[in-house]
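Take a look at the structure below.
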Amino acid sequence: MARYQQDLSRIRPLGPLAASLDALFQHRVTRLVRKDGTVSYQGQRFEVPFELSGKTVSLVVDPHTETVIGVEDEQGESIGAATPLDALANATRQRRSPDPADASQPQKGTSGPNLIEQIYQQYYDPEGE
């Protein structure tokens, strides 16, 4: 006790940092978001925003209780609290449709006329080639 009291003048209080001390010791576990907008951790599934399908997120885990506290995106920014999967609600969840910009771009291998168009041109206009 006497030794502890000798160094009391050197001990600094944490002040406002004390509230964020637990966050420093939380674990981050990387997971890939499934097509249905879910991720899993230790046999449990959690919902994340559907827009993150196919991307990587980090689950923030409390190391003492082994429970998922929150979800972070690839840049480490908080997305929100971890929501346990409600299978019935997820089954009827509205999915996003493909972006119109993606549909307007030609897909690989579709530049130029396809086989049907080539046969049509040969049959109806054999001399026009």
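Considering only the range 29-44, I want to know if a residue exists there that is more than 15 Å from Ala82 (Cα to Cα), within 24 Å of the chain's Cα centre (by Cα), among the polar types (S, T, N, Q) and surrounded by 13 or more Cβ atoms within 10 Å (Cβ to Cβ).
No, the range 29-44 contains no residue that is more than 15 Å from Ala82 (Cα to Cα), within 24 Å of the chain's Cα centre (by Cα), among the polar types (S, T, N, Q) and surrounded by 13 or more Cβ atoms within 10 Å (Cβ to Cβ).
May I ask you to list pairs of residues, at least six apart or on different chains, whose Cβ atoms are under 8 Å apart, with the first in the range 62-77 being farther than 18 Å from Gln44 by Cβ and the second being β-branched (Val, Ile, Thr)?
Final answer for the pair search is Asp73/Val57; Asp73/Ile79; Glu74/Thr56; Glu74/Val57.
Of the residues that sit in the range 87-98 and are under 21 Å from Leu32 (Cβ atoms) and in a loop (DSSP other than H, G, I, E, B), which one is modelled with the lowest pLDDT?
Ranking the candidates gives Pro98 first.
Which residue out of Ala18, Ala82 is surrounded by fewer than 10 Cβ atoms within 10 Å (Cβ to Cβ), modelled with pLDDT under 85 and on the phi < 0 side of the Ramachandran plot?
Every option except Ala18 fails the conditions.
The values are calculated or read from the model by the stated rules, or taken from the named source; none is laboratory data. Remember, predicted model here, so these are calculated numbers, not experimental data. All Cβ positions, glycine included, derive from the backbone under ideal geometry; neighbour counts span all protein chains shown.
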